[in-house]
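K.L.:
This is the structure, below, for whatever I ask next.
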Amino acid sequence: MKRKINIYLANPRSFCAGVDRAIKIVEKAIEKYGKPIYVRHEIVHNKYVIADLKSKGAIFVNEIDEIKDKSRPIIFSAHGVANTIKEKASNLGFKYIDAVCPLVSKVHNQAKKYEKENIKTILIGKEKHPEVIGTKGQINTDNITVINSIDDVEKLKDSNDKIGYICQTTLSVDEVSNIVNALINKFPNLIKKKSSNVCYATTNRQNAVKKIAEKSNIVIVLGSQNSSNSKKLKEVAESVDNTSAILIDDASLLDFDTIDDSIKNIGITAGASAPEILVEELIEKIRKKFDIKINTIKVDEENLEFSLPKELKE
């Protein structure tokens, strides 16, 4: 007789509007221009998505110098790229399509606005993350400082100047809030904002994973190890008392040894760059071993859609 397990399924989970748009851009470009289509860096951080797009005719490169055929279009990833990359592509004669998430573009525009107004900018984020690199590349780097912790805030020089802040869209909401409070305490003339740049999808998924974590002994997060938003979901789940969490790429990596006899409740979610099929496959794998009851925990409705670039509109 199978052991009974409750599954608490987070909603929202899986693809956000920006990821969905970026994938469609690659697929539509292949339809319009034929194979191959080149993509600089991973269009989104998910192994399943990358493998699927490769099978359809996408070739992923680290830098545009690797591309010999200048007749083929290049797509820039959803994370955004520095202006110098776009200029280089144009100078080399490439046609390019920018798949940057519109919410990341809003951060870029804010950075440009601060620079135009001669306001020093603090960027909260991971120094080497593609989104942070792309955001820094929108303006003169002398005008922007990257920080990632309260300790980093304390290391900044005191100043009475007007200072603005922006942040990577895929960070932990709570983490950003703590850093912003530290900035407010340190800089009397910090420009306060009604909300951070953490995107709605990141916020919704973190809120949902908190809810399922409160009911679960263990939370399984589906997503790739280099996906910032997926890693943050794991961290948020682990922040709930008496709840552990694991981050796996897909169902094949689930080790049932982690689900011992003490486990009665399992939470499941997926990062914004992880497709829903990975959730379905994981549930089916668990179903084969346990008698499961699925409970969906919904925190918000997501109906947002972003339009495609003008080059790909039908």
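The values are calculated or read from the model by the stated rules, or taken from the named source; none is laboratory data. All values derive from a computational prediction rather than experimental measurement. Positions of Cβ are generated from backbone atoms using ideal geometry, with glycine treated the same way; all protein chains shown enter the neighbour counts.
K.L.:
Tell me, yes or no, whether segment 138-157 has at least one residue that is assigned to a strand (DSSP E or B), closer than 29 Å to residue 100 by Cα and in contact with a Phe, Trp or Tyr (Cβ under 7 Å, 6 or more places away or on another chain).
P.N.:
No, segment 138-157 contains no residue that is assigned to a strand (DSSP E or B), closer than 29 Å to residue 100 by Cα and in contact with a Phe, Trp or Tyr (Cβ under 7 Å, 6 or more places away or on another chain).
K.L.:
Looking at 254, 233, 278, 247 in this structure, which one is hydrophobic (A, V, I, L, M, F, W, C), touching a residue at least 40 places away in the same chain (Cβ under 8 Å) and touching a helix residue (DSSP H, G or I) at 6+ places or on another chain (Cβ under 7 Å)?
P.N.:
Being hydrophobic (A, V, I, L, M, F, W, C), touching a residue at least 40 places away in the same chain (Cβ under 8 Å) and touching a helix residue (DSSP H, G or I) at 6+ places or on another chain (Cβ under 7 Å) holds for just one of 254, 233, 278, 247, which is 278.
K.L.:
Also, I was wondering about something else. Could you list, in sequence order, all residues of segment 1-34 that are farther than 30 Å from residue 290 by Cβ and of a type in the set (A, V, I, L, M)?
P.N.:
If the condition is that a residue be farther than 30 Å from residue 290 by Cβ and of a type in the set (A, V, I, L, M), then 17, 19, 22, 23, 25, 26, 29, 30 are the ones that fit.
K.L.:
Let me ask another. Do any strands (runs of 3 or more DSSP E) entirely within segment 184-284 hold 3 or more residues that are over 19 Å from the mean Cα position of the chain (by Cα), and if so, which? So that I can check it myself, show each step before the final result.
P.N.:
Values: elements: 218-222, 244-248, 265-270.
Once the strands (runs of 3 or more DSSP E) in segment 184-284 are filtered for at least 3 residues that are over 19 Å from the mean Cα position of the chain (by Cα), what remains is 265-270.
K.L.:
Sort out which residues of segment 21-44 are free of Cβ contacts under 8 Å to residues at least 60 places away in the same chain and part of a helix (DSSP H, G or I), and write them in order of number.
P.N.:
Selection gives 23, 27, 30, 31, 33.
K.L.:
What number of residues within segment 123-148 satisfy the criterion of being exposed (fewer than 15 other Cβ atoms within 10 Å of the Cβ) and in contact (Cβ under 8 Å) with a residue 24 or more places away in the chain?
P.N.:
1
K.L.:
Further, regarding this structure: For segment 70-95, name all the residues that are polar (S, T, N, Q) and surrounded by fewer than 18 Cβ atoms within 10 Å (Cβ to Cβ).
P.N.:
Within segment 70-95, the first condition is being polar (S, T, N, Q), and the residues that meet it are 71, 77, 83-84, 90-91.
Of everything in segment 70-95, those that are polar (S, T, N, Q) and surrounded by fewer than 18 Cβ atoms within 10 Å (Cβ to Cβ) turn out to be 71, 83, 84, 90, 91.
K.L.:
Now for a different question. Looking only at segment 3-13, decide whether some residue is part of a helix (DSSP H, G or I), under 15 Å from the mean Cα position of the chain (by Cα) and more than 19 Å from residue 102 (Cβ to Cβ).
P.N.:
No, segment 3-13 has no match at all.
K.L.:
Here's something else I'd like to know. Looking at 282, 254 in this structure, which one is modelled with pLDDT of 95 or more and either surrounded by fewer than 17 Cβ atoms within 10 Å (Cβ to Cβ) or closer than 28 Å to residue 78 by Cα (or both)?
P.N.:
Details: 254 fails: either surrounded by fewer than 17 Cβ atoms within 10 Å (Cβ to Cβ) or closer than 28 Å to residue 78 by Cα (or both).
Every option except 282 fails the conditions.
K.L.:
Somewhere in segment 107-115, is a residue assigned to a helix (DSSP H, G or I), outside the structural domain of residue 140 (by TED's automatic domain parsing) and out of contact with any strand residue (DSSP E or B) (no Cβ under 6 Å at 6 or more places or on another chain)?
P.N.:
no
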